[in-house]
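A.B. asks: There's a structure below that I have some questions on.
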Protein chains: 2
Amino acid sequence: MQLIESIMAIEHKTRTQLVAEVLREKILTGEFKSGSPLRQAALAEELNVSRIPVREALLQLEAEGLVNFEAHKGATVTEVSASQVDEIFDLRALLEAELLRHSLEKLTEDDFQSAEVLLQELEAAMAAGDTQAATGHLNSAFHGKLYSRAERPQTRELVEQFSKNSERYVRMHILLAGGLNTAPEEHRELLKLCRAKQVDAACDYLIRHITGAKEDIKKLLIKMEEQSA
Amino acid sequence: MQLIESIMAIEHKTRTQLVAEVLREKILTGEFKSGSPLRQAALAEELNVSRIPVREALLQLEAEGLVNFEAHKGATVTEVSASQVDEIFDLRALLEAELLRHSLEKLTEDDFQSAEVLLQELEAAMAAGDTQAATGHLNSAFHGKLYSRAERPQTRELVEQFSKNSERYVRMHILLAGGLNTAPEEHRELLKLCRAKQVDAACDYLIRHITGAKEDIKKLLIKMEEQSA
DNA sequence: TAGCGTCCATCTGTATACTGTATAAAAGAT
DNA sequence: ATCTTTTATACAGTATACAGATGGACGCTA
């Protein structure tokens, strides 16, 4: 019902795209838990569409790494092990440092100011206890601003992919570990280094920033794996 | 061992997978040229399937970066500009060096020997003028062997993705520029550095190896862009 | 002739219906 | 009682059919 209305409102989007958005959100928020099966017929009925757009949406989500699609067996929400998180965050560190390196020289004072605005909004959102979508979005907007002059569209897409994919763990982390309280200071420090155009120092700091988050989340995941075992 | 696995894998391939393989090959060999439209109905009829598996195969290929899929407008073979090739090869250099770094210490003499065998086969294939699928496959098999102990599955998948995507340009390069004649020597040198466990030197050399190929292919692409303009 | 709207051909997007596979439950054999 | 083999069922894969979007040809107006 709601879906039909939103189709009316946003007519240029295909049903497949809409279904993909809904499912993506449900996976990222944890409403669909890791490992749980995604039945095409059930989803189709719930969203008032046929199975075709559901299938195509699931294929898209598989490409994004959020879903596993096994022939004749169906789709499940991807389960991510601690070692996989390890690798993903290492990749992020590597790629984001590369982006920053290519972007930093070209960043203008305007860029830094909008980054600062984003940072303030981020802190406000965190202070308001807004642990939901907003903080994750603002966080990647801040980072994205720093990379915005890199002129490396494919690398950015890759990084955004990985960020999205790890977002659900970041959220979990914030929720359960009450964590990332050091993040605001780290962001400010990073911004300061960028403003000073200290390329190597900024990249190193960024790598440590990402690696630090990795370690926190890994601990959390290992704890959870032990509990479920 | 492999034989047993391949027997065990009496995998029932879906039509979607078969279609994807066919189309992928036709794109990589250049039978479908950059920018050309991929009509669902035509492909379906040609392959004796309905449009559904064709659509799903096209979606998969879009995720692999070989196809652009625009709503209501249809799919086209992706056109890759010189600047995109630039970025892709930079990414490859970055990621492959990372893989080699993680793999190198754990590589055994057995690994080096099979790498050497692959290298000989590669040279034989090139000497036989086999500019088709075989050389590309052997080339990535050789590189893959060097990364095989990295225990970084997602990074490897990414690299393989990029390799596949740039394969058609590599082939083009070999065909038109008569090129990559320096590659055999470079491969031998790389293998020597790996055997000597000179991590930094090997990684640096690998980066130069990839960057060198990039420059050659870029020149070729720029020339082609000028011709078509 | 240039510009605009309408209509039509063509293609994509999606629903419905059918086919085939995997798996769990039931029946049979050892 | 355990292990096969069979059967049933639920689900995914695919074909067919229909609905909707796009872009261009055509004629109309100024």
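A.B. asks: Mean residue ellipticity at 222 nm from the helices of the protein assembly as shown, using -39,500 (n - 2.57) per DSSP H segment of n ≥ 4 over the full residue count, to the nearest 500 deg cm²/dmol?
C.D. replies: Values: 20 runs with 335 residues, N = 458.
Estimated from H runs of four or more residues: -24500 deg cm²/dmol.
A.B. asks: Taking the Cα centre of chain A as the origin, how large is its charge dipole in debye, to the nearest 20, when only Lys and Arg (+1) and Asp and Glu (-1) carry charge on their Cβ atoms?
C.D. replies: The calculation lands at about 300 debye.
A.B. asks: Just want to confirm a number: the relative contact order over segment B:82-228, from Cα pairs under 8 angstrom separated by 6+ residues, in percent.
C.D. replies: Result for segment B:82-228 is 40 percent.
A.B. asks: About the Cα centre of segment B:21-63, what is the dipole size in debye to 20, counting +1 per Lys and Arg Cβ and -1 per Asp and Glu Cβ, all else neutral?
C.D. replies: 140 debye
A.B. asks: I've got another one for you. Can you give the % of DSSP beta bridges in the protein assembly as shown that are antiparallel, to the nearest 5?
C.D. replies: Numbers: 12 of 12 bridges.
The antiparallel proportion sits near 100 percent.
A.B. asks: Once fully extended, how much extra length lies between residue A:124 and residue A:188, figured as 0.36 nm per residue of separation less the alpha-carbon to alpha-carbon distance? Provide the component values of the computation, followed by the final result.
C.D. replies: Details: separation 64, 0.36 × 64 = 23.04 nm, distance 1.43 nm.
Length gained between residue A:124 and residue A:188: 21.6 nm.
A.B. asks: Let me ask something else about it. Using the beta-carbon distance between residue B:227 and residue A:196 and R0 = 45 Å, what value does 1/(1 + (r/R0)^6) give for FRET efficiency, to the nearest 0.05?
C.D. replies: 0.45
A.B. asks: On to the next question. Which net charge results when you count Lys and Arg as +1 and Asp and Glu as -1 among the other residues whose beta-carbon is under 15 Å from that of residue A:149?
C.D. replies: Local net charge: -1.
A.B. asks: Could you tell me which residue out of B:224, B:104, B:42 lies farthest along the dipole of chain B toward its positive end? Charges go on the beta carbon: Lys and Arg +1, Asp and Glu -1, centred on the Cα centre.
C.D. replies: The one lying farthest along the dipole's positive direction is B:42.
A.B. asks: Right, here's the next one. Which of A:196, A:23, A:172 sits farthest toward the positive end of the charge dipole of chain A, with +1 on the Cβ of Lys and Arg and -1 on the Cβ of Asp and Glu?
C.D. replies: A:23
A.B. asks: Under DSSP H, which helices of chain A have Cα atoms covering 15 Å or more of the helix axis and a Kyte-Doolittle average no less than -0.5?
C.D. replies: A:15-28, A:51-63, A:82-104, A:109-127, A:133-147, A:199-228
A.B. asks: So which GluC sites (Glu not before Pro) in segment A:90-153 pass both tests, a DSSP loop state and at most 12 other Cβ atoms within 10 Å of the Cβ?
C.D. replies: A:105
A.B. asks: Tell me which trypsin sites (Lys or Arg not before Pro) from segment B:100-165 have a DSSP coil assignment and no more than 15 other beta carbons within 10 Å of their own.
C.D. replies: Here the sparse-neighbourhood loop sites are B:106.
A.B. asks: In debye, nearest 20: dipole of segment B:2-77 around its Cα centre with unit charges on the Cβ of K, R (+) and D, E (-)?
C.D. replies: With only Lys, Arg, Asp and Glu charged at Cβ, the dipole is about 260 debye.
A.B. asks: What accessible area per residue, rounded to a whole number of Å², is obtained for chain A using a probe radius of 1.4 Å?
C.D. replies: 52 Å²
A.B. asks: Could I ask something else about it? Given the pairs A:145/A:214; A:106/A:164; A:26/B:106; B:13/B:164; A:73/B:145, which are separated by over 29 angstrom at their Cα positions?
C.D. replies: Numbers: A:145/A:214 21 Å; A:106/A:164 26 Å; A:26/B:106 41 Å; B:13/B:164 21 Å; A:73/B:145 32 Å.
From A:145/A:214; A:106/A:164; A:26/B:106; B:13/B:164; A:73/B:145, over 29 Å: A:26/B:106; A:73/B:145.
The values are calculated or read from the model by the stated rules, or taken from the named source; none is laboratory data. It should be emphasised that the depicted structure is a prediction, and the values quoted were computed from it without experimental measurement. Using ideal geometry, Cβ is built from the backbone for each residue, glycine included, and neighbour counts are taken over all protein chains shown. Ligands, DNA and RNA are excluded from the accessible area calculation, which covers all protein heavy atoms including side chains. Shrake-Rupley method; radii C 1.70, N 1.55, O 1.52, S 1.80 Å.
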